[in-house]
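Chemist: Handing you a structure now.
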Amino acid sequence: MLRRRFIGFALMLLGYGRRAWAQLASATPGYYPLTHPIRIALDTVSTPWRQVPFVAEAVLPQTSPTPGRRVLMNGVLYRRETGDDSSALSALCVTCPHELCQVDLVTDEARLARMSDSDKKNPKFVCGCHGSVFDALDDGAWISGPAYRGLFNFRVGGITAGTVEIDEVEEETLSVV
Amino acid sequence: MKLRDLSVVLALAASSTLGLRAQNAQVSYWPHDPGTTHEKLYVNSQGAPINNLTIIDVPTLKVIKKMTIGAEPHGVAAPRSQDVLYISSMHDGTVQKIDTVKDEIVKVWGGFGVEPEENDITPDGRFLYQPSYAGYWSVFDTQKEEIVAYIHTLGIGHNTLIDAQGHFAYLFPLKGDPGHWRRPSLGLPRTMPNEVTVVDITKNHQVVGTIPVGDGPRPPILTADGKRMYMNVDRLLGFLVIDTAARKVISKATFELTPDEQASGANAHAHGIAIANNGKEVWTNDTVHNTTYAFDVTVLPPKQIAKFPVGRGPYWIVPSQDGMTIFVACPGSDEMVVFDVATKKEKTRLTFPAGDRPTRMIDLAVPIRPQMASK
């Protein structure tokens with residue numbers, strides 16, 4: 001009887017452990033290096049919500065189903081708030097994860113007020129095709145619409161000599177866009 | 001050959017080559033006398049809270065009226081008479097009947113399930129096939145004003161086509177993805193079909209077969225004789241050619257992409273398909289790369305003959321009644337691009353208010369009968 005209880009308890013612990021691991025893994029997405037880092041002058045993003053577009057490239061690894069395939073991704077870099085450090089910068093892929101249409105940053109207050117999806121009136125990315133809405137203040141987090149997740153993120157590596165360097169992209173981007 | 005035989009042969013040839021008008025559940029192409037009809041283009045704007053139906057005078061390309069209909073309008077369908085139009089509202093779950101002579105809403109019905117999508121109607125105007133995201137089609141009898149049948153398919157109810165003969169209805173469910181299923185309260189199916197369901201309208205709306213298409217069905221269009229179908233599918237930048245009698249894919253057209261285009265949107269699909277130029281051409285959109293293509297479909301596989309830059313996210317496309325003008329709705333940039341089919345040149349761009357997202361369209365030859373009561 002004692003042995004059965006012990007085995008049951010151990011199995012329960014194993015189950016909880018697996019679930020916790022899965023949640024941890026999904027909460028921290030992997031990042032993949034770009035072929036060439038994107039470098040953007042810091043003073044071009046000194047004004048909040050002013051976007052600087054860029055095109056990033058990656059080459060799929062040998063372990064992928066299509067090894068060596070070149071992937072191009074459209075991105076924008078923008079500043080959420082004023083300040084000089086990289087913590088206020090966001091670099092997002094502007095391809096909607098739903099059906100790969102391009103999203104647009106909406107800052108116009110009248111248009112934001114028309115959006116019934118959120119009480120917050122901060123700028124949002126909106127997909128023209130099916131209307132998915134993403135929070136520009138929260139690194140493109142999903143707010144509403146058919147997209148299954150938020151916008152894909154690029155990693156801002158840092159600021160060196162007045163230049164912002166973007167060097168990695170969320171790994172999942174490569175299998176979707 | 002006797003003159004009568006010759007006329008029969010010519011009529012058959014004409015009927016087999018005349019194209020249909022559009023993608024996404026549009027009615028067939030029925031020849032009309034321009035002197036007795038007024039050609040109008042009806043454009044749904046999915047993002048507009050008011051004035052979400054724009055009516056355009058096709059000869060002049062001027063907006064003649066804006067109307068407010070149910071929120072997030074989706075399906076647009078009209079019978080052969082083209083004096084009425086049925087538009088479904090995703091948000092409200094309703095279908096609205098619009099008198100196209102007066103351009104007024106005359107009736108609104110509910111009860112079509114979760115998010116009614118792209119519908120179609122039999123040529124005689126009797127049966128409206130109305131899909132719901134919940135994975136079924138309601139067959140609505142417009143005379144009795146009641147649903148007379150439900151047809152369940154795999155996947156998420158989305159697009160519909162009824163042939164010009166009123167014999168078969170083709171149902172095109174979406175495969176769906178985690179974005180659809182993240183709203184569990186809607187109970188959307190996860191069966192992810194790669195097939196078109198075929199319904200015989202004349203046999204009490206019975207399912208009589210399926211057409212395997214290899215991936216999730218996307219916008220389709222039929223030729224006037226109902227023998228050939230062109231359709232977009234998931235993960236194909238191009239379109240399939242289907243023999244409807246054999247219920248089989250017989251050919252595939254693919255876009256000629258530049259190296260940079262090949263490196264982006266590898267999992268994308270074309271969206272929106274239309275027949276033009278007396279059935280000789282198929283036009284379709286590359287949503288990801290903001291381009292529209294024209295293909296010669298007199299040969300198999302179809303041959304790419306033109307590629308055009310358009311607005312952002314081209315998603316819906318319809319031809320004019322004569323098949324010689326093409327309208328491409330670009331919701332990403334709130335505009336519509338108009339092409340001349342003969343010269344393969346852009347004629348003009350019509351702009352919509354920012355955020356309106358012009359989407360689905362239908363081009364109708366509305367009878368000029370000002371005193372006529374709607375059906």
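Each reported figure results from applying straightforward, stated rules to the coordinates on display, with no laboratory input. Everything numeric here is computed off the predicted structure, so don't read it as measured data. In this analysis, Cβ positions are derived from the backbone assuming ideal geometry, glycine residues included, and neighbour counts consider all displayed protein chains.
Chemist: Over all directions, how big on average is the projection of the convex hull of the alpha-carbon atoms in the stretch B:164-301, in square nanometres?
Modeler: It is 9.7 nm².
Chemist: Mind sorting A:R80, A:R3 by how few other Cβ atoms lie within 10 Å of their own Cβ, fewest first? Present the calculation step by step, with values, prior to reporting the outcome.
Modeler: On the way: A:R80 17, A:R3 7.
Ordered from fewest to most neighbouring Cβ atoms within 10 Å, A:R80, A:R3 come out as A:R3, A:R80.
Chemist: Quote the relative contact order of the stretch B:89-132 in percent (integer), defining contacts as alpha-carbon pairs under 8 Å separated by 6+ residues.
Modeler: Once normalised by length, the contact order is 33 percent.
Chemist: Next up: For the stretch B:121-137, what does the Karplus curve 6.51 cos²θ - 1.76 cosθ + 1.60, with θ = phi - 60°, yield as ³J(HN,Hα) per residue in whole Hz, taken in order and with x for Gly and Pro?
Modeler: Values per residue, Gly and Pro as x: 10, 5, x, 7, x, 7, 10, 9, 8, 10, x, 10, 4, 5, x, 8, 10 Hz.
Chemist: Now a separate question. Can you tell me the dipole magnitude for chain B around its Cα centre, using point charges on the Cβ only (Lys, Arg +1; Asp, Glu -1), in Debye to the nearest 20?
Modeler: 280 debye
Chemist: Further question: Per-residue counts of other Cβ atoms within 10 Å, averaged by peptide: what ranking do you get for B:253-261, A:137-145, highest first?
Modeler: A:137-145, B:253-261
Chemist: Among B:H180, B:H91, B:H269, which comes first, then next, by fewest other beta-carbon atoms within 10 Å? Could the numbers behind the result be given before it?
Modeler: Values: B:H180 20, B:H91 14, B:H269 23.
Arranged by neighbour count, lowest to highest, B:H180, B:H91, B:H269 become B:H91, B:H180, B:H269.
Chemist: Within 10 Å of each Cβ in A:87-96, how many Cβ atoms from other chains are there, averaged over the peptide?
Modeler: Mean partner shielding for this stretch: 1.
Chemist: Å³ per residue of the Cα convex hull, for the stretch A:36-142?
Modeler: Once divided by residue count, the hull of the stretch A:36-142 is 119 Å³.
Chemist: Now for a different question. Through the Karplus equation 6.51 cos²θ - 1.76 cosθ + 1.60, θ set to phi - 60°, convert the phi angles of the stretch B:227-244 into ³J(HN,Hα) values in whole Hz; use x for Gly and Pro.
Modeler: 8, 10, 10, 10, 8, 7, 9, 3, 6, 10, 8, x, 7, 9, 10, 10, 8, 6
Chemist: Pairs B:K252/B:K280; B:K227/B:K280; B:K66/B:K345; B:K66/B:K102: which are spaced more than 24 Å apart, C-alpha to C-alpha? Mind dumping the intermediate values first?
Modeler: Numbers: B:K252/B:K280 16 Å; B:K227/B:K280 14 Å; B:K66/B:K345 28 Å; B:K66/B:K102 13 Å.
Over 24 Å apart, Cα to Cα: B:K66/B:K345.
Chemist: At 37 °C and 0.692 mPa s, what whole-number value in µm²/s does Stokes-Einstein give for the translational diffusion of the stretch B:76-135, with Rh from the Kirkwood sum over Cα pairs?
Modeler: Taking Rh from Cα pairs, D becomes 286 µm²/s.
Chemist: Oh, and also: Sequence-distant or interchain residues sharing an amide H contact under 5 Å with A:T163, placed H: which?
Modeler: A:L42
Chemist: Relative to the Cα centre, what is the charge dipole magnitude of the protein assembly as shown, using +1 at the beta carbon of each Lys and Arg, -1 at the beta carbon of each Asp and Glu, and rounding to the nearest 20 debye?
Modeler: About 1100 debye.
Chemist: What is the spin-label model distance, in nm, from B:T68 to B:D296 if the labels are put 7 Å beyond Cα along the C-beta direction?
Modeler: If labels sit at B:T68 and B:D296, their model points lie 5.1 nm apart.
Chemist: How much FRET efficiency would the formula 1/(1 + (r/R0)^6) give for B:A342 and A:I159, where r is the Cβ-Cβ distance and R0 is 60 Å, rounded to 0.05?
Modeler: 0.60
Chemist: Suppose we take every Cα in the stretch B:152-230 and form the convex hull; what volume per residue is that in Å³? Write out the running numbers ahead of the final one.
Modeler: Numbers: hull volume 7.0 nm³, N = 79.
Given the Cα convex hull of the stretch B:152-230, per-residue volume reads 89 Å³.
Chemist: Remind me, relative contact order of chain B in percent, using alpha carbon pairs under 8 angstrom and six or more residues apart?
Modeler: Once normalised by length, the contact order is 16 percent.
Chemist: Can you list the cysteines of the protein assembly as shown that have no other Cys Cβ under 4.7 Å away?
Modeler: A:C93, B:C330
Chemist: Between B:K252 and B:I50, what is the label-to-label distance in nm when each label sits 7 Å out along the Cα-to-Cβ direction?
Modeler: Each label point is offset 7 Å from its Cα along the Cβ direction, giving 4.9 nm.
Chemist: Find, to one decimal place in angstroms, the Kirkwood hydrodynamic radius of the protein assembly as shown, where the mean of 1/r is taken over every pair of different Cα atoms and then inverted.
Modeler: After inverting the pairwise mean of 1/r, the radius is 24.8 Å.
Chemist: Need one number: nm distance between label points at B:Y150 and A:Y148, each 7 Å from Cα along Cα→Cβ, rounded to one decimal.
Modeler: For the pair B:Y150/A:Y148, the computed spacing is 2.8 nm.
Chemist: In straight Cα distance, which aspartates and glutamates are under 16 Å from B:K307, not counting same-chain residues fewer than 8 positions off?
Modeler: In chain and number order, the partners are B:E256, B:D260, B:E261, B:E281, B:D286, B:D296, B:D340, B:E346.
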